[in-house]
Amino acid sequence: MRLPRSIHGRMLALSVATTLVALPVAGFAIGGVLDHFVTRNIDARLGDRLRLLRAVVRPDGTIDRELLDRSELATAIGTDAVWRIDTPGGTVGAGMPPLATLRAPGPPVGPERGPPAGRGPGFGAPFDLTLPDATRVHGLVLDLPEGRGRVAVAVPRREIEQPLRGAMLPLLLTLAIVALVLAVATLVQLRLGLRPLRVLRDRVAAVREGAATDVPEDQPDELRPLAVELNALVRDNAAALATARGSAANLAHALKTPVATLAIELGDDPRAVQVARIDATIRHHLARARGGSVDRRAATSLQPAVEGLVAVVAALHRDRGLNVRADVPDLSVAVDAADLDELVGNLIDNAARHARSAVNVTAVRKGGFAVLRVIDDGPGIAAADRARATDPGVRLDERGDGHGFGLAIVRDLAALYGGRLELGEADGGGLVATVTLPVTAGSGTAGY
């Protein structure tokens with residue numbers, strides 16, 4: 001049997017399996033105890049009846065019928081009793097065939113099967129018989145002057161089965177109640193026992209979202225080492241991130257002055273516009289490196305940003321006759337304008353460099369996200385290589401320019417804002433790059 005993936009499911013399955021095994025075992029054990037007590041009670045009744053019947057046999061082997069007919073004795077023996085007396089001096093019985101036709105007397109069944117209390121050796125030797133309609137049969141072999149005699153008494157099977165059947169229904173109801181109590185106790189135990197894990201999970205989520213800086217180490221003994229290791233991991237990641245941000249800030253700072261100098265030297269040259277854009281990008285990344293996080297409250301209109309980038313890319317590839325089109329509704333995404341330009345620009349530029357004749361950009365809203373698709377009719381990317389294509393510095397096509405960072409930048413920026421990048425195959429070949437970005441409240445209408 002395959003165990004569930006969750007700890008809660010595994011513990012619940014184990015508890016159910018244990019209960020399903022334990023309750024039948026307990027039922028059989030209790031049933032055996034009940035059978036034992038019922039049997040002991042029946043044996044005691046048989047011993048009493050056997051003493052009464054033995055008293056009816058006179059020392060000479062004859063049967064004292066006057067004593068047997070007394071109402072007190074008949075009442076003590078029981079009107080539904082199965083018994084028989086076979087002696088050389090006579091035979092009498094009720095509901096039992098002649099003892100001589102039954103199995104020969106056997107040895108005593110156990111130490112409790114000795115002569116009834118208060119009787120000496122002359123009382124008789126005990127034996128057992130087998131009757132088709134009786135469960136318990138006890139008897140005595142009598143050594144009489146005229147020969148051997150036998151006295152036997154039995155209890156019909158129903159006298160044992162009826163008390164057991166009467167006790168089984170309350171027993172089953174009790175076991176059902178016990179099972180219900182165990183089920184409720186198990187659910188409560190799992191709820192309380194796994195609560196620290198849920199609290200720890202929520203705290204880790206808060207750390208990931210930036211709402212907390214660490215995980216409380218005041219945990220149960222089993223979880224305290226995990227909390228300590230998580231805090232150590234958070235500190236290591238923070239240190240590594242700080243180092244990376246510092247390096248990015250240093251790089252942006254080092255480039256800022258040469259770019260500003262180049263812009264001054266170009267003066268009114270048309271190329272100064274591109275240099276100014278480079279300078280603005282450097283300043284943006286420098287500010288973000290210093291701030292240490294993205295602005296999730298930003299709101300940027302998607303349509304003008306995409307249309308502006310489409311125009312720029314189309315102009316850059318005018319000599320190829322590339323057809324770059326955009327069909328984007330008026331959506332506002334929760335992404336900084338500079339980051340949106342970098343993200344969408346890398347996607348469209350990557351598609352244009354590999355397209356044969358056309359690049360199509362579309363966007364729709366699905367739920368709380370804008371789904372942007374950039375489709376080209378180029379060679380595409382094999383399914384086995386798509387995951388590797390978004391790794392930094394990886395170039396699957398070594399022809400032409402490029403450094404292999406475009407898709408990696410898109411993936412990282414989308415992830416920073418709670419989105420994602422997916423690569424697929426376009427109809428008729430080519431690549432479909434799909435980016436989901438969170439939209440701002442009240443932005444556009446949902447589409448499917």
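All of the numbers you see were taken from the coordinates with simple rules; none came from a lab. Everything numeric in this text was worked out from a predicted model, so none of it was measured. Positions of Cβ are backbone-derived with ideal geometry, glycine not excepted, and every protein chain shown enters the neighbour counts.
Here the spin labels are modelled as points 7 Å beyond Cα on the Cα-Cβ line, and at residue 273 and residue 70 they lie 13.4 nm apart. A simple packing score, the average count of other Cβ atoms within 10 Å per residue, orders the peptides 272-280, 28-36 as 272-280, 28-36, with the highest score first. Per-peptide packing, taken as the mean over residues of other Cβ atoms within 10 Å, places 336-349, 299-312, 214-227 in the sequence 336-349, 299-312, 214-227 from highest down. With both labels modelled 7 Å from their Cα along Cα-to-Cβ, the residue 257 to residue 312 distance reads 2.7 nm. Close amide H partners of residue 81, meaning residues 5 or more places away or on another chain with modelled amide H under 5 Å apart, do not exist here. In order along region 418-432, the phi-based Karplus estimate (6.51 cos²θ - 1.76 cosθ + 1.60, θ = phi - 60°) of 3J(HN,Hα) comes to x, x, 7, 10, 10, 10, x, 9, 7, 4, x, x, x, 10, 10 Hz; Gly and Pro are listed as x. Close amide H partners of residue 332, meaning residues 5 or more places away or on another chain with modelled amide H under 5 Å apart, are 302, 440, 444.
May I ask you to order 12-20, 85-93 by the average number of other C-beta atoms within 10 Å around their residues, highest value first? Can you show the working numbers first?
Details: 12-20: 13.4, 85-93: 17.6.
Result, highest mean first: 85-93, 12-20.
List the residues of region 30-44 whose backbone N lies under 19 Å from a point placed 7 Å from the Cα of residue 181 along the Cα-to-Cβ direction. The answer is 30-31, whose backbone nitrogens lie closer than 19 Å to the label point.
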